[in-house]
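The values are calculated or read from the model by the stated rules, or taken from the named source; none is laboratory data. A quick note: this is a predicted structure, and the numbers were derived from the prediction, not measured. Because the Cβ atoms are built from the backbone with ideal geometry, glycine has one as well, and the counts that use them run over all protein chains shown. Surface areas here come from the heavy atoms of the whole protein model, side chains and all, with no ligands, DNA or RNA. Shrake-Rupley method; radii C 1.70, N 1.55, O 1.52, S 1.80 Å.
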Amino acid sequence: MTTKFLRKLAALSGAVGLAFGLAAPAAQAAGNDYPNHTVELIVPYQPGGGTDALARAFADASRKHMSESIVIVNRPGAGGAIGWNEVIHSRPDGYKLAVLTVELLTLPHLGLAKFNYDDFQPIAQLNADPAAVTVKADSPYNTIEEFLAAAKKKPGEMGVGNSGTGSIWHLAASALEDKTGAKFNHIPFQGAGPAVLALLGGHVDAVAVSPAEVSTYVQAGKLKMLMVMADKRLAAFDKVPTAKERGIDISIGTWRGLGAPKNTPPEVMAKLRDIAAKTAKEPLLREVMDKQNLGYVYTDGAAFKETLAKDNAYFKALITKLDIKP
């Protein structure tokens with residue numbers, strides 16, 4: 001090698017070293033002054049639902065722990081895919097976040113989305129709600145056993161409303177079929193709300209949605225809940241048995257949490273997780289969730305990531321086994 005070449009190589013190495021040396025402090029500085037302007041939290045559904053209510057309550061409760069505000073932006077459509085794709089393809093700087101729900105896992109296995117849960121870095125889980133089988137108050141079925149026996153007598157005729165083909169509530173009812181041998185007539189609606197209204201109007205025999213989505217009508221005596229697909233009874237509905245109590249080995253439902261694009265800097269992720277941990281303890285957040293009958297569950301980013309991986313494997317197997325098509 002010539003002396004001239006070696007000098008050029010040394011100069012280049014020095015420049016690269018200087019670049020790397022500056023990069024770490026720059027990243028650290030980005031984390032230290034985060035946030036220095038408004039943060040957007042994308043809700044991939046319409047305003048007014050449980051996901052939207054949780055997001056807005058979190059934004060309000062976070063004010064004690066942030067120098068800047070979180071603003072809610074609703075991006076409904078394609079079962080959540082429109083909102084999630086917007087965040088996935090945004091600049092990974094912590095200023096555009098997403099509310100994650102279980103459909104993040106189910107949509108790809110149904111062939112309705114090309115993303116996967118690894119496109120997000122989980123910040124925290126804030127909620128978990130099981131599926132529940134609910135009928136009208138004047139329904140002839142007073143137990144889940146009576147309901148399933150009737151469904152088995154007329155396979156494919158018992159109308160069970162859900163929040164859309166391939167939604168978590170469609171999957172829950174399908175899993176119940178698989179475990180019991182019953183066959184339902186799955187009737188999709190544009191969300192759980194319309195499905196519940198159809199039940200109230202007598203257009204379907206039952207719905208398989210979360211307790212939060214029927215609680216107002218159950219408490220008013222217009223609907224009755226026959227069973228929850230959870231590991232233990234819910235405090236707000238402690239007289240309603242679980243599926244496992246009735247000999248049905250099933251536990252299925254949804255959850256909600258927060259996520260950031262996968263390349264968000266570690267320093268910013270640490271800040272976000274700290275903010276989420278503190279906000280999760282705020283009474284304001286719990287009050288809204290209790291009022292909405294949303295199940296409170298807080299887990300940090302690492303534990304939430306484990307939930308994502310476990311549930312992803314479960315729903316992949318379930319959708320494949322039942323050959324569910326959108």
Candidate set from segment 272-313 (those that are assigned to a loop (DSSP other than H, G, I, E, B) and out of contact with any Gly (no Cβ under 8 Å at 6 or more places or on another chain)); member that is least open to solvent (accessible area, probe 1.4 Å): A280
Conditions (1) of a type in the set (A, V, I, L, M, F, W, C); (2) at pLDDT below 85; (3) surrounded by 10 or more Cβ atoms within 10 Å (Cβ to Cβ); number of the one not met by F20: (3)
Looking only at segment 59-80, and only at residues there that are in contact (Cβ under 8 Å) with a residue 24 or more places away in the chain and open to solvent by less than 10 Å² (accessible area, probe 1.4 Å), the one that is nearest to L272 (Cα to Cα): S62
Residue that is least open to solvent (accessible area, probe 1.4 Å), among those in segment 178-195 that are in contact (Cβ under 8 Å) with a residue 60 or more places away in the chain and under 25 Å from K244 (Cα atoms): A192
Qualifying residues in segment 237-271 (those that are assigned to a strand (DSSP E or B) and of a type in the set (S, T, Y)) - the one nearest to N116 (Cα to Cα): T254
Selection within segment 162-173 - in contact with a strand residue (DSSP E or B) (Cβ under 7 Å, 6 or more places away or on another chain) and surrounded by 22 or more Cβ atoms within 10 Å (Cβ to Cβ): N162, S163, I168, W169, H170, A172, A173
Residues (of a type in the set (A, V, I, L, M) and either in contact (Cβ under 8 Å) with a residue 12 or more places away in the chain or under 16 Å from E146 (Cβ atoms) (or both)) located in segment 205-228: A206, V207, A208, V209, A212, V214, V218, L223, M225, L226, M227, V228
Matching residues in segment 97-119 - criterion: being of a type outside the set (G, A, S), touching a residue at least 24 places away in the same chain (Cβ under 8 Å) and assigned to a loop (DSSP other than H, G, I, E, B): V102, L110, L112, F115, N116
E103 vs. criteria out of contact with any Cys (no Cβ under 9 Å at 6 or more places or on another chain), at pLDDT below 95 and either charged (D, E, K, R) or under 21 Å from A303 (Cβ atoms) (or both): yes
Near pairs, Cβ below 7 angstrom, 6+ apart or cross-chain, from segment 45-58 (in a loop (DSSP other than H, G, I, E, B)) to any residue that is modelled with pLDDT under 90 and among the polar types (S, T, N, Q): Y45/T51
